[in-house]
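Scroll down for the structure; my scribbles are underneath it.
The values are calculated or read from the model by the stated rules, or taken from the named source; none is laboratory data. Because the structure is a prediction, the values reported are computed rather than measured. Backbone-built Cβ (ideal geometry, glycine too); neighbour counts: all protein chains shown. Just the protein is used for accessible areas: all its heavy atoms, side chains included, with ligands, DNA and RNA removed. Shrake-Rupley method; radii C 1.70, N 1.55, O 1.52, S 1.80 Å.
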Amino acid sequence: YNERYKTFRRQHVIGKMAAKDCDKVIKKRKIKNSETAKCKEVNTFVIASIKEVCEVCQTMGKPYHKNKTYIESVKTFQLVVCKLKSKGKRLPKCAYRGQECNQHIVLSCEKGLPVHFQRSF
Ligand code: C5P
C-alpha cells in the first residue's frame, strides 16, 4: 500500500470513538500538523471499517460537484469532527472539542484507495 493511504487510514478511519475521545485518539495516533509542528486544527474521524471507506473510491462515490478531482460519498457516514480549542498551540498539549454528526465525506483517491480527506457536508 502506498504511504499516503496509510497516513489517511491512521488520521481518518476508526472503528469506534466518541466526541470526548478526541484528545486521546489524536495523541495515540500521532496526528499533528506536519508543516508547522503545531497541533492540527481540524481532524475528522470516520466511524466505519476501512472497507466501507475504500468503497467510496470504488463504487459508493461520485464526482464532487465543486471540484471533480474529489469524490463524494453517496451515503452519509457517522463522523467525529475534532476541532482545536485554541489555535497556535504547540505540541504536546493539544486540546480538542469533538462533535458527532452524520455527513457525506469528500475524499481524493489514488488507484482506488483514499489518500486525502477534503471535507464533509
Ligand atoms: O482544509 P485544509 O487543507 O486546511 O485541511 C488540512 C487537513 O485537515 C486535511 O488534509 C484533513 O486532514 C484535515 N481536515 C479534516 N476535516 C475537515 C477539514 C480538514 O480532517 N473538515
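Ignoring lysines fewer than eight residues from LYS27 along the same chain, the ones with Cα atoms less than 22 angstrom from its Cα are LYS6, LYS16, LYS38, LYS40, LYS83, LYS85, LYS87, LYS89, LYS93.
On the basis of the beta-carbon distance and an R0 of 30 Å, ALA95 and LYS75 show a calculated FRET efficiency of 0.40. Report summary: the helix-based calculation at 222 nm, which adds -39500 (n - 2.57) for every DSSP H run with n ≥ 4 and divides by the residues of the chain, gives -6000 deg cm²/dmol.
Residues whose amide H falls under 5 Å from that of GLN118, counting only those 5 or more places apart or on a different chain, are VAL106, LEU107, SER108, with hydrogens built in the peptide plane.
Applying a 4.7 Å cutoff between beta carbons, the unpaired cysteines of the chain are CYS54, CYS101.
The 1.4 Å probe gives accessible areas that order GLU100, GLU55, largest first, as GLU100, GLU55.
Computed from Cα positions, the angle between helix 3-12 and the longest principal axis of the chain comes to roughly 70 degrees. Taking the Cα centroid of region 1-30 and of region 43-113, what is the distance between the two, rounded to the nearest whole Å? Centre-to-centre distance over Cα atoms comes out at 11 Å.
Looking only at LYS38, LYS66, LYS51, which one moves most when the chain is put into a Gaussian network model with springs between Cα atoms under 10 Å? Looking only at LYS38, LYS66, LYS51, the biggest GNM fluctuation is shown by LYS66.
If you roll a 1.4 Å probe over the chain with all protein chains in place, what percent of the accessible area is carbon or sulfur? Show your work: numbers first, answer last.
Numbers: 3730 of 7470 Å².
C and S fraction of accessible area: 50 percent.
Rank these by accessible area, largest first, 1.4 Å probe: ARG4, ARG97, ARG9.
Details: ARG4 115, ARG97 145, ARG9 80 Å².
If we order ARG4, ARG97, ARG9 from most to least accessible, we get ARG97, ARG4, ARG9.
Tell me the per residue accessible area of the chain using a 1.4 Å probe; a whole number in Å² is fine.
Values: 7470 Å² over 121 residues.
Roughly 62 Å² per residue, with all protein chains present.
Between SER49, SER108, SER73, the GNM of the chain built on Cα springs shorter than 10 angstrom shows SER49 fluctuating the most. Please check: in the Gaussian network model of the chain (C-alpha springs, under 10 Å), which one of ASN67, ASN33, ASN43 has the largest mean-square fluctuation. Of ASN67, ASN33, ASN43, the Gaussian network model singles out ASN67 as fluctuating most.
Ranked by accessible surface with a 1.4 Å probe, highest first, in what order do LEU91, LEU79 come?
Working: LEU91 70, LEU79 0 Å².
From most accessible down to least: LEU91, LEU79.
Please give the length that would be gained between LYS6 and ALA19 if that part of the chain were fully extended, namely 0.36 nm times their separation in residues minus their C-alpha to C-alpha distance (nm, one decimal).
2.4 nm
Between the residues GLN99, ILE26, PHE77, the greatest Cα displacement towards the positive end of the dipole of the chain, with unit charges on the Cβ of Lys, Arg, Asp and Glu, is found for ILE26.
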